[in-house]
Amino acid sequence: MELKKDKLVRFYSDGKRHKETPWGKNDPSFLEKSSSGYKISFSSVLKPEMGMDGGRNRLPEMGKIGRSKVLPQDNALWYKKILDPGSDIVLQWNWVFIISCLVALFIDPLYFYLPAVGGDAKTSCVKTDTNLRIVVTCFRTVADIFYLLHIIIKFRTGYVAPNSSTRVFGRGELVMDPKKIARRYLRSDFFIDFIATLPLPQIVIWFIIPATRSPRTDHKNNALALIVLIQYIPRLYLIFPLSSQIIKATGVVTKTAWAGAAYNLLLYMLASHVVGAAWYVLSVDRYTSCWKKICKKEFPPHRCNLSYLDCDTFGRSDRNTWAKVTDVFKQCDPNNDIDFQYGIFESAVKKNVVKKGFLEKYFYCLWWGLQQL
């Protein structure tokens, strides 16, 4: 509406008499005094009685468009709050957990490097790298804590009811009941998460193997490799649903093409790492299998004892006497003309990879794994 010039009135704070406005007399309830004059206060315009339908109680409802219905939890304690699966904190945790999963998948195959071949130039024996066992166990335990935290968070994360009758733009009602969340989680992914969290390699390395070890124990590493690989499968599986959740929330796993290339290259290097580590532990097992085969064929007076193949007996007098007359290690040397076939493990034995330090044998096995892939 266009106003005429003779109807416009300027306000002053000098106490002069003011003319009436086109809307009637000056109403002091609609004016607010300031240093520069008078301003109209709009606080009263927002009151419910000013004609807005619903008043201020209707304004917050506009923010509900496109979101699930969430119950207020402001007064609940932090450990009793239920998380929204689409919230930023859940998305950030998924990123942290997927990185911890990749680190855990790198740590587990390091257990395959625990068996090593020691001894001197004439005789050899099999041993366990104690320093590496301690370091790997510490890192593995830290990784297990992240898996345990992931289980706790999933017990406190709500879910969208699939058969919800209340739907807003394709999204259903968010279930916040802890009992329903726990019941749904226990019937879906809890078993896989629980298997991935168990510290099975630590139990085998520190408790089961020392308890079952005897002077005549066979030096086999197949049990350790089998335990690690069985738990490796559920840990690898957890990466795929995590990636799907991140893609649903953000659209992509990585924000840049270089980050995506680095992520795929990391997965490729991880695969070669697993293949190389498995090849190494089987190479040690194949090498000691030759020792045991020749050892069982020796006859008195210097009969071979399987305990002599353990480095714990390396300084004993009877072992030293046997080492001077035995042909076990000569008949198992791949550089000589022998009947025993090493197959794909020949390079590990011929190049003394099984006797090298950790870094040398690790990079050699990683290179071998890349070759195979």
message: Per residue, how large is the accessible surface of the stretch 223-288? Use a 1.4 angstrom probe and give square angstrom.
response: 51 Å²
task: Along Cα→Cβ, 7 Å out, is where each label goes; now give me the distance between the ones at Ile203 and Tyr237 in nm to one decimal.
output: 1.8 nm
field: Global form of the stretch 303-373, assessed from the alpha-carbon gyration tensor, a/c cut-off 1.5
entry: oblate
- line: Using eta = 1.002 mPa s and T = 20 °C, Stokes-Einstein with Kirkwood Rh from Cα pairs puts D for the stretch 231-372, in µm² s⁻¹, at 115 µm²/s
query: What figure in square angstrom, to the nearest 10, would you give for the accessible area of Leu265 with a 1.4 Å probe?
result: 100 Å²
query: Going from most exposed to least, what order do Met176, Met269 have by accessible area with a 1.4 Å probe?
result: Met269, Met176
task: Let me know the shape class of the stretch 259-319, please: from the alpha-carbon gyration tensor, a ≥ b ≥ c as square roots of the eigenvalues, rounded when a/c is under 1.5, otherwise prolate if a/b is greater than b/c, or oblate.
output: prolate
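The values are calculated or read from the model by the stated rules, or taken from the named source; none is laboratory data. Given the structure is predicted, the values throughout are model-derived calculations rather than measurements. Note: ideal-geometry Cβ built from the backbone for every residue, glycine included; neighbour counts use all protein chains shown. Heads up: the accessible areas ignore ligands, DNA and RNA and are worked out on the full protein's heavy atoms, side chains in. Shrake-Rupley method; radii C 1.70, N 1.55, O 1.52, S 1.80 Å.
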